[in-house]
Amino acid sequence: LGVAASREVVQDTLAITLAVAREGADASALQSDLRQVLDNALTQARRAVRPGFVEVRTGAFSINPRYVSRPGGASAQSGWQGRAELVIEGTDTGAISQLAGRLTGLTVARVSFSLSREARERVEAEVEADAIGRFKARADSYARQFGFAGYSLREVAVGAGDSVAAPIQAVRAARMSVGGSADEYQPVEPGKTTVSVTVSGSIQLLPK
């Protein structure tokens, strides 16, 4: 037998990635410039940190050569380009969006939602109980329809997973440039995730 149960839930964890990009002739100077912008943003962001609700971490940091094309198809290095990222994430979406709007020197690169581990475990437990109940009810129904007294469980497997549905609206009227006044914010809206559990196995029908 095989049955499945699922539940659609709103994603409760927001992650906003802010980035700063610079170009320059000297790699060391460019790196120092990026680090200064990142350090300043971290100093501002750390004041708002609340574990689980608003958390801050650094993202990707890269320095790469910049090339320009020359006549004849050749290319030559003309300097350096760099990029640094700061990630704000947590379950307090309002505080995170407000913080993203207050930080100076960076722009919004990505906005994403996910389901927190605590919410996933809670929903999976509920959906799992539903799927197991359906499996038992179907097995009992089959036993009665075939004229048997009941059934015994021979083997069973339980699997869980989730899939992201089309978002309600991942970013609504997003201000892609940040660092304004204190009342500015990064407008966001979560999508939904479908948590599903499958129960499959075999039963042995018991005679009356």
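The values are calculated or read from the model by the stated rules, or taken from the named source; none is laboratory data. Since this is a predicted model, take the numbers as computed values, not measurements. When we count neighbours, we look across all protein chains shown, and the Cβ atoms used for this are built from the backbone with ideal geometry, even at glycine. Heavy atoms of the whole protein, side chains included, go into the accessibility calculation; ligands, DNA and RNA do not. Shrake-Rupley method; radii C 1.70, N 1.55, O 1.52, S 1.80 Å.
Counting only residues that are small (Gly, Ala, Ser), within 25 Å of Ala100 (Cα to Cα) and modelled with pLDDT under 75, the range 142-199 holds 9 of them. Of the numbered criteria (1) in contact with a Leu (Cβ under 6 Å, 6 or more places away or on another chain); (2) of a type in the set (Gly, Ala, Ser); (3) without any contact (Cβ under 8 Å) to a residue 24 or more places away in the chain, the one Ser78 fails is (1).
Yes/no per residue for (1) crowded, with 18+ Cβ neighbours inside 10 Å; (2) of a type in the set (Gly, Ala, Ser); (3) not in a strand (DSSP E or B):
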position: Glu118; (1), (2), (3): no, no, yes
position: Arg122; (1), (2), (3): no, no, yes
position: Ala125; (1), (2), (3): no, yes, yes
position: Ala129; (1), (2), (3): no, yes, yes
position: Phe135; (1), (2), (3): yes, no, yes
position: Arg138; (1), (2), (3): no, no, yes
position: Ser141; (1), (2), (3): no, yes, yes
position: Arg144; (1), (2), (3): no, no, yes
position: Gly159; (1), (2), (3): no, yes, no
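Take Pro207 and decide whether it is modelled with pLDDT of 90 or more and of a type outside the set (D, E, K, R). Judged against the criteria, Pro207 is a match. The one condition from (1) on the phi > 0 side of the Ramachandran plot; (2) at pLDDT 95 or above that Gly79 does not meet is (2).
Annotation note: of Asn64, Asn40, the sole residue that is touching a residue at least 60 places away in the same chain (Cβ under 8 Å) and more than 28 Å from Thr193 (Cβ to Cβ) is Asn40.
The lone criterion from (1) at pLDDT below 90; (2) more than 21 Å from the chain's Cα centre (by Cα); (3) outside any loop (DSSP other than H, G, I, E, B) left unmet by Gly101 is number (2). Residues in the range 1-21 that are open to solvent by less than 40 Å² (accessible area, probe 1.4 Å) and not in a strand (DSSP E or B): Gln11 alone.
Counting the residues of the range 22-54 that are surrounded by 15 or more Cβ atoms within 10 Å (Cβ to Cβ) and assigned to a strand (DSSP E or B) gives 3. Pairs meeting the criteria (first residue in the range 9-32 and more than 27 Å from Gly101 (Cβ to Cβ), second residue surrounded by fewer than 16 Cβ atoms within 10 Å (Cβ to Cβ) and not charged (D, E, K, R), beta carbons under 7 Å, at least 6 apart or on different chains) are Gly24/Gly79; Ala25/Gly79.
Considering Arg110, Arg154, the condition of being under 22 Å from Thr193 (Cα atoms), open to solvent by 70 Å² or more (accessible area, probe 1.4 Å) and not in a helix (DSSP H, G or I) is satisfied by Arg110 alone. Could you check the range 57-83 and list, in sequence order, the residues that are among the aliphatic types (A, V, I, L, M) and open to solvent by 40 Å² or more (accessible area, probe 1.4 Å)? Passing the criteria: Ala60, Ile63, Val68, Ala74. Scanning the range 84-106 for residues that are open to solvent by 10 Å² or more (accessible area, probe 1.4 Å) and closer than 16 Å to Asn40 by Cβ returns Glu85, Arg102, Thr104, Gly105.
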